[in-house]
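One structure is given here, and the rest of the page talks about it.
Read-outs throughout are calculated quantities, based only on the coordinates presented, and are distinct from any laboratory measurement. From a predicted model like this one, the values you see are computed outputs, not experimental measurements. Cβ placement follows ideal geometry from the backbone for every residue including glycine, while neighbour counts extend to all protein chains displayed.
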Amino acid sequence: MHRLANRRQFLLQTGKAGIGACAALSMPALVSSCAVVRRVKGPSGTGFKQEPLPYTYGALNSAIDAATMELHYTKHAASYAANLQDAAKAEGVDTSKPLEDVLRNINQYSTAMRNNAGGHYNHELFWKIMSPRGGGQPIGSLATAIDASFGSFEALKNGLADAGKNLFGSGWAWLVLDGDKKLRIGATPNQDNPLMPVSDLKGFPLLGLDVWEHAYYMRYQNRRADYIENWWQVVNWDFVGKRYAAAFRS
Ligand code: MN3
């Protein structure tokens, strides 16, 4: 018992409980504390209303045309926000709390909540991780972590492109920070995201790429791979890097 208590203390202090360490603990209280240790909290505070787009519709034209941006923001994303507010009202959700709280407990809510809470969160993030002054390469601690995890920035780009291209139907490709503070690449179907317990890919979303056809079809038609290739020109690495640093500290 004494050894177990010490071990629990060790896990809580280091925050580095791996899967093996978690499996080795058999007492329910210790297992649950282990699960808490392995979650990255990350920056929170996404609201339930749509925020203004941080640039003009045509600002990302090197990758995404103005008509696509306008439809995407004013119709698709706006619908998720409106439907989310309806669902929140119907299901008694306190909309003064961060949306992340709903996503992390999505099993308690309806399918409408899952689709629209995910849809709203994903798009609010998507607008922020792009910029007319984007492109180039990640810098600082994120660049170091990308090299350590995937070998190179090129390998990250290839991995994310594969995740996006191989996703059947509509959804998102992601770079996330998982509970072991490791970077992971993956995809989620529909409007799911990696904060949801139902997602196979779990972690804190650092960067998400919308690969629904509405995000690219007018310019690229069926050429999802070309859209992804051009998209790197507008990725806001300054924002993503700060998000990584904040999530890593949490
Ligand atoms: Mn979309």
Quick check on Arg224: is it more than 18 Å from Tyr80 (Cβ to Cβ), basic (Lys, Arg) and in contact with a strand residue (DSSP E or B) (Cβ under 7 Å, 6 or more places away or on another chain)?
no
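Yes or no: Thr74 among the hydroxyl-bearing types (Ser, Thr, Tyr) and assigned to a loop (DSSP other than H, G, I, E, B)?
Answer is no for this residue.
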Residues located in segment 194-250, provided they are in contact with a Pro (Cβ under 8 Å, 6 or more places away or on another chain) and without any contact (Cβ under 8 Å) to a residue 24 or more places away in the chain
Pro194
Identify, by number, the condition in (1) within 16 Å of the ligand (Cβ to nearest atom); (2) of a type outside the set (A, V, I, L, M); (3) crowded, with 19+ Cβ neighbours inside 10 Å; (4) assigned to a helix (DSSP H, G or I) that Arg243 doesn't meet.
(1)
Of everything in segment 188-224, what is within 14 Å of the ligand (Cβ to nearest atom) and among the hydrophobic types (A, V, I, L, M, F, W, C)? Give them in sequence order.
Leu209, Val211, Trp212, Ala215, Met218
